[in-house]
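The structure appears right after this line, and notes come after that.
The values are calculated or read from the model by the stated rules, or taken from the named source; none is laboratory data. Since we're looking at a predicted model, the values are computed, not measured. Methodologically, a virtual Cβ is constructed for each residue, glycine included, from the backbone with ideal geometry; neighbour enumeration extends over all protein chains shown. Each accessible area value is taken on the protein alone, full model and side chains, heavy atoms only, with ligands, DNA and RNA left out. Shrake-Rupley method; radii C 1.70, N 1.55, O 1.52, S 1.80 Å.
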Amino acid sequence: MTSTFLPALLGLATGLSLIIAIGSQNAFVLRLGIEGRNRVIVPVVAICAVSDAVLILAGVLGLGVVVAAAPVAIIVIRVFGSAFLIVYGLVAARRAIRPGALVVSGVVASTGMRVAVVSVLALTWLNPHVYLDTVLFLGAVANQQGATERWWWAGGAIAASFVWFCALGFGARLLRPMFAKPASWRVLDAVIAVVMIALGVRLALGH
């Protein structure tokens, strides 16, 4: 029991401690969740959780060594990732500053399926910290658990991703009463703009 449950619990706790921190991916999923469109949020949540699962398993299988040996690839990802974050942040800032870019006929404009999927893929896979934190760090911790226990640990970390993104994506609709007015969306977009641009600049500077 302790050789399975305990590693899984530790993996769950470690995964949650990394993923809950405010970041570009979480901010994006939160905004979509508040919009409350299941047709869009379902694939977005699935992409986030499955991507984490793939990266965690890659780390357990030892692909962290490949990541560590490819600093040029990380630099390229960092450049494109920072550019995407800054552009997305500027778009959010435009929505916050200009209500006309946010409201159509008195209704808050919703994010389309294609834009949502492309955006979440970029926010996930163009983030160098995903490879460093998820593949390198989580993979290294998992492989310290033992030949069998590491898979239970990885299972716990993967479960953390599914639990968190489902809770964030589908639970965010509970905040919809707060966003009944366009002004609330402008505040949210202003916060998202600050987060995205700050993270983009931080990536560009190599932090």
Point to revise | Boolean, Phe170 is touching a Cys at 6+ places or on another chain (Cβ under 7 Å) and either buried (at least 19 other Cβ atoms within 10 Å of the Cβ) or assigned to a helix (DSSP H, G or I) (or both) | key: no
Practice item. Restricting attention to the stretch 47-79, report how many residues are under 14 Å from Thr134 (Cα atoms), small (Gly, Ala, Ser) and either loosely packed, with under 15 Cβ neighbours inside 10 Å or touching a strand residue (DSSP E or B) at 6+ places or on another chain (Cβ under 9 Å) (or both). Key: 2
Review point. Is there a residue in the stretch 132-142 that is modelled with pLDDT under 90, open to solvent by 30 Å² or more (accessible area, probe 1.4 Å) and either assigned to a loop (DSSP other than H, G, I, E, B) or on the phi > 0 side of the Ramachandran plot (or both)?
Key: no
Study note, to complete from the structure: By residue number, the members of the stretch 169-182 that are in contact (Cβ under 8 Å) with a residue 12 or more places away in the chain and either out of contact with any helix residue (DSSP H, G or I) (no Cβ under 7 Å at 6 or more places or on another chain) or more than 18 Å from Ile97 (Cα to Cα) (or both) are Gly169, Phe170, Gly171, Ala172, Arg173, Leu175, Arg176
Review point. Within the stretch 19-46, which residues are crowded, with 21+ Cβ neighbours inside 10 Å, of a type in the set (A, V, I, L, M, F, W, C) and under 12 Å from the mean Cα position of the chain (by Cα)?
Key: Ile19, Ala27, Phe28, Val29, Val44, Val45
Practice item. Pull up the stretch 186-207, narrow it to residues that are over 20 Å from the mean Cα position of the chain (by Cα) and more than 21 Å from Asp133 (Cα to Cα), then point me to the one that is modelled with the lowest pLDDT. Key: Arg186
Point to revise | Only one of Ala154, Ala204, Ala198 that is under 29 Å from Arg78 (Cβ atoms) and open to solvent by less than 50 Å² (accessible area, probe 1.4 Å) | key: Ala154
